[in-house]
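> One structure, as structure tokens, below. Some questions next.
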Amino acid sequence: GAVVSQHPSWVICKSGTSVKIECRSLDFQATTMFWYRQFPKQSLMLMATSNEGSKATYEQGVEKDKFLINHASLTLSTLTVTSAHPEDSSFYICSARPVALMGQPQHFGDGTRLSIL
Amino acid sequence: DQQVKQNSPSLSVQEGRISILNCDYTNSMFDYFLWYKKYPAEGPTFLISISSIKDKNEDGRFTVFLNKSAKHLSLHIVPSQPGDSAVYFCAASEYGNKLVFGAGTILRVKS
């Protein structure tokens, strides 16, 4: 149980392109989903907290207009990297926590490797 | 300011022996701690957690110990198996909200 699906797993695109990444909770509902970014050999850094039906909460230093987050339903959140540039190349991972209880761990998708040429 | 620290970048252990991974934190408001295991190009997989009201939680071969006064937690894996080789992340949260991760420790279990 508690499966999180992330799509696509790998994207290669030209500079200036916008890229959308989907994060779905497959067997549970999640009012809150989280988006992380991981640089090589570094830890996961939280980018933003996505709340169903409301605006995302961004961490300090993360550009809201660059990384658009939409959480339209209890099972789907999307991250759109707008006008992507090579410095946006990274590994993006989403996570979701089942509704209901504190104490439930976040479950992670398998990540999306984004490469901007 | 790193609120969660894993000071050992890597650890090598013989199969069958105990693996001990350590984690220190600085924020006394953290009340929930987790360990995740991660393989390359995959998302982290939840292993085990502990809340601040406990000092030990056990699940099969995995045991997490929490020392609140020292702001230290550790993950014990006994016996270690080659399939345990991965990167292990310690994470902490305050009131069940956003997770703060350590930098990870690469565990290699040699057969």
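> What average count of beta carbons from other chains do you get within 10 Å of the Cβ of residues in B:48-57?
1
> In addition: Compute a Gaussian network model of chain B, connecting alpha carbons closer than 10 Å, and tell me which residue from B:Ser12, B:Ser69, B:Ser51 fluctuates the most.
Checking each option, the largest mean-square fluctuation is seen for B:Ser69.
> Using the Cα gyration tensor of the range A:1-82, with a ≥ b ≥ c the square roots of its eigenvalues, what is the shape: rounded (a/c below 1.5), prolate (a/b larger than b/c) or oblate (neither)?
rounded
> On average, how many beta carbons from a partner chain sit within 10 Å of the beta carbon of a residue in A:35-43?
Taking all residues of A:35-43 together, the mean is 3.
> In a GNM of chain A with a 10 Å cut-off on Cα contacts, which of A:Ser15, A:Ser43, A:Ser90 has the highest mean-square fluctuation?
With Cα springs under 10 Å in chain A, the top fluctuation among A:Ser15, A:Ser43, A:Ser90 is at A:Ser43.
> I'd like the trypsin sites (Lys or Arg not before Pro) in the range B:47-111 restricted to DSSP loop residues with at most 13 other Cβ atoms within 10 Å, sorted by number.
B:Lys54
> Here is a follow-up. Shielding by partners for B:71-82, please: the mean number of other protein chain Cβ atoms within 10 Å of each residue's Cβ.
Counting other chains' Cβ atoms within 10 Å and averaging over B:71-82 gives 0.
> With a 1.4 Å probe and all protein chains kept in place, how much accessible area does A:Thr57 have, in Å² rounded to the nearest 10?
70 Å²
> In chain A, what cysteines have no partner Cβ closer than 4.7 Å?
A:Cys13
> Right, here's the next one. Multiply the residue gap between B:Arg61 and B:Glu42 by 0.36 nm, knock off their C-alpha separation, and tell me the result in nm, one decimal place.
Extra length available between B:Arg61 and B:Glu42 comes to 4.6 nm.
> Is the protein assembly as shown rounded, prolate or oblate when judged by the Cα gyration tensor, a ≥ b ≥ c being the square roots of its eigenvalues, rounded requiring a/c under 1.5 and prolate requiring a/b larger than b/c?
Judged from the Cα gyration tensor, the protein assembly as shown comes out prolate (a/c at least 1.5, a/b above b/c).
> Just how large is the dipole of the range B:38-106 about the Cα centre, in debye to the nearest 20, putting +1 at every Lys and Arg Cβ and -1 at every Asp and Glu Cβ?
200 debye
> To continue, here is another question. A 24 angstrom limit on the alpha carbon distance is what I want to check against. Which of A:Lys66/B:Lys37; A:Lys20/A:Lys64; B:Lys5/B:Lys54; A:Lys64/B:Lys38; A:Lys55/B:Lys98 exceed it?
Violating the 24 Å Cα-Cα cut-off are A:Lys66/B:Lys37; A:Lys64/B:Lys38.
> Something else: If the cut-off is a Cα-Cα distance under 12 Å, which aspartates and glutamates reach B:Lys110, setting aside same-chain residues fewer than 8 apart in sequence?
B:Glu15, B:Asp84
> Under the Karplus relation 6.51 cos²θ - 1.76 cosθ + 1.60, θ = phi - 60°, what is the ordered set of whole-Hz ³J(HN,Hα) values for the range A:4-11, x standing for Gly and Pro?
10, 10, 10, 9, x, 8, 8, 9
> Please compute the modelled spin-label separation between B:Lys5 and A:Lys20, points set 7 Å along Cα→Cβ, answer in nm with one decimal.
4.4 nm
> Take the alpha carbon gyration tensor of the range B:57-111, find the square roots of its eigenvalues, order them as a ≥ b ≥ c, and report rounded if a/c is under 1.5; if not, report prolate when a/b exceeds b/c, else oblate.
Prolate is the answer for the range B:57-111, as a/c is 1.5 or above and a/b outweighs b/c.
> B:Thr26 versus B:Ser51, label points 7 Å from Cα toward the beta carbon: distance in nm?
Taking the simple label geometry, B:Thr26 and B:Ser51 are separated by 2.8 nm.
> By the scheme Lys and Arg +1, Asp and Glu -1, what is the net charge of all other residues having a beta-carbon under 11 Å from that of B:Pro82?
0
> Using the beta-carbon distance between A:His85 and A:Phe39 and R0 = 25 Å, what value does 1/(1 + (r/R0)^6) give for FRET efficiency, to the nearest 0.05?
Efficiency, rounded to the nearest 0.05: 0.95.
> If you build a Gaussian network model of chain A, linking Cα atoms that sit under 10 Å apart, which residue out of A:Pro98, A:Pro40, A:Pro86 swings the most?
Evaluated over chain A, the most mobile residue of the options is A:Pro40.
> Per-residue HN-Hα couplings for the range A:62-73, Karplus 6.51 cos²θ - 1.76 cosθ + 1.60 at θ = phi - 60°, whole Hz, x for Gly and Pro?
9, 7, 5, 6, 7, 10, 8, 10, 10, 10, 7, 9
The values are calculated or read from the model by the stated rules, or taken from the named source; none is laboratory data. Predicted, not measured: the structure shown is a model, and the values here were computed from it. In this analysis, Cβ positions are derived from the backbone assuming ideal geometry, glycine residues included, and neighbour counts consider all displayed protein chains. These accessible areas exclude ligands, DNA and RNA; they are computed on the full protein's heavy atoms, side chains included. Shrake-Rupley method; radii C 1.70, N 1.55, O 1.52, S 1.80 Å.
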